[in-house]
1. Looking only at the stretch 90-133, count every residue that is part of a helix (DSSP H, G or I) and surrounded by 13 or more Cβ atoms within 10 Å (Cβ to Cβ) and tell me the total.
2. Taking the stretch 34-53, which residues are surrounded by 13 or more Cβ atoms within 10 Å (Cβ to Cβ), over 19 Å from Arg175 (Cα atoms) and not small (Gly, Ala, Ser)?
3. Only one of Leu171, Leu176 is assigned to a helix (DSSP H, G or I), over 18 Å from the mean Cα position of the chain (by Cα) and under 18 Å from Glu65 (Cα atoms). Can you tell me which?
4. How do the pairs read when you match residues in the stretch 175-191 that are of a type in the set (Val, Ile, Thr) with residues anywhere that are surrounded by 16 or more Cβ atoms within 10 Å (Cβ to Cβ), using Cβ under 9 Å and keeping only pairs 6 or more apart or on different chains?
5. Out of Ala124, Ala112, which single residue is within 13 Å of the ligand (Cβ to nearest atom) and either closer than 30 Å to Thr47 by Cβ or without any contact (Cβ under 8 Å) to a residue 40 or more places away in the chain (or both)?
6. Taking the criterion of being under 14 Å from the mean Cα position of the chain (by Cα), in the same structural domain as Glu62 (by TED's automatic domain parsing) and farther than 15 Å from Cys183 by Cα, would at least one residue in the stretch 109-125 satisfy it?
7. Here are some residues: Glu85, Glu141. Which one is within 14 Å of the ligand (Cβ to nearest atom), among the acidic types (Asp, Glu) and outside any strand (DSSP E or B)?
8. When you scan the stretch 68-78, do you find a residue that is in the same structural domain as Leu169 (by TED's automatic domain parsing), modelled with pLDDT of 95 or more, surrounded by 12 or more Cβ atoms within 10 Å (Cβ to Cβ) and out of contact with any Gly (no Cβ under 7 Å at 6 or more places or on another chain), even just one?
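The values are calculated or read from the model by the stated rules, or taken from the named source; none is laboratory data. It should be emphasised that the depicted structure is a prediction, and the values quoted were computed from it without experimental measurement. Here the Cβ positions follow ideal geometry from the backbone for every residue, glycine too, while neighbour counts run over all protein chains shown.
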Amino acid sequence: MSRIPAPRLAAPTALALALSALVVLAAACSDGHASRTATPPFKVSATIQEIMANIIDPAADETWESVSEEWDKDGHREHKPETDEQWLAVLNHAVALQESADLLTIPGRAVAPPGKNLEDSGVAGILDAAGVEAAIKIDPEAYAAFIAAYHEAAHELVVAAQNRDVESLKLGGARLDAVCEACHARFWYPDAQKAPTR
Ligand code: HEC
């Protein structure tokens, strides 16, 4: 007799405990979500200039050079990736290019470190860092559209490297080059007679 009430009491108590634990968890989750939306967990360290000079430019150069032609004293030479190692190198650079689209998208990134000039910023038609910052602020949608086009071209290179497809690598490389140039012409040297020397 005395053993019967015990389970009856225990069952609702356990259920109530489980439910209240769920309520506490749900509250914690929605709290966490709200604070994530308010403060993105990004640690923005590098400037746009550093992402260009230290990530995008070297990775793009390696990718373009991986499918290139050369004329020297020994005649005409054609380069294309052949070994596993060479294809892996192309893939590594293509993934870095692709993912740097998101690095450019993260808000709050300065154009250049304080006091550091942009290349050729003294030349007429070529913006300084404040000018680039203002150009992006005036038309963030256009800037985002260039980043999207850049991502698409870089993604083509990733797929080309995964499929070891030399023709697609060439086409993706040409497309990437055009996007780099178009974004620079719009946001870096809008009124220049010719592109800065790199
Ligand atoms: C969404 C726009 C955008 C795209 C796409 C873009 N860039 Fe840039 N890039 C800029 C801006 C703005 C600057 C000027 C400010 C600066 O120097 O960072 C710049 C500057 C540079 C610089 C000069 C960095 C320095 O030392 O001052 C290099 C090199 C460069 N880009 C390479 C590239 C290459 C290569 C690509 C394509 C693979 C590319 N960029 C794609 C916006 C872009």
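1. Within the stretch 90-133, residues that are part of a helix (DSSP H, G or I) and surrounded by 13 or more Cβ atoms within 10 Å (Cβ to Cβ) number 19.
2. Selection gives Thr47, Ile48, Gln49, Glu50, Ile51.
3. On inspection, the qualifying residue turns out to be Leu171.
4. What qualifies is Val179/Phe146; Val179/Ala149; Val179/Tyr150; Val179/Ala153; Val179/Ala154.
5. Result of the check over Ala124, Ala112: Ala112.
6. Checked against the condition, which is being under 14 Å from the mean Cα position of the chain (by Cα), in the same structural domain as Glu62 (by TED's automatic domain parsing) and farther than 15 Å from Cys183 by Cα, the stretch 109-125 yields at least one hit.
7. Answer to the selection: Glu141.
8. no
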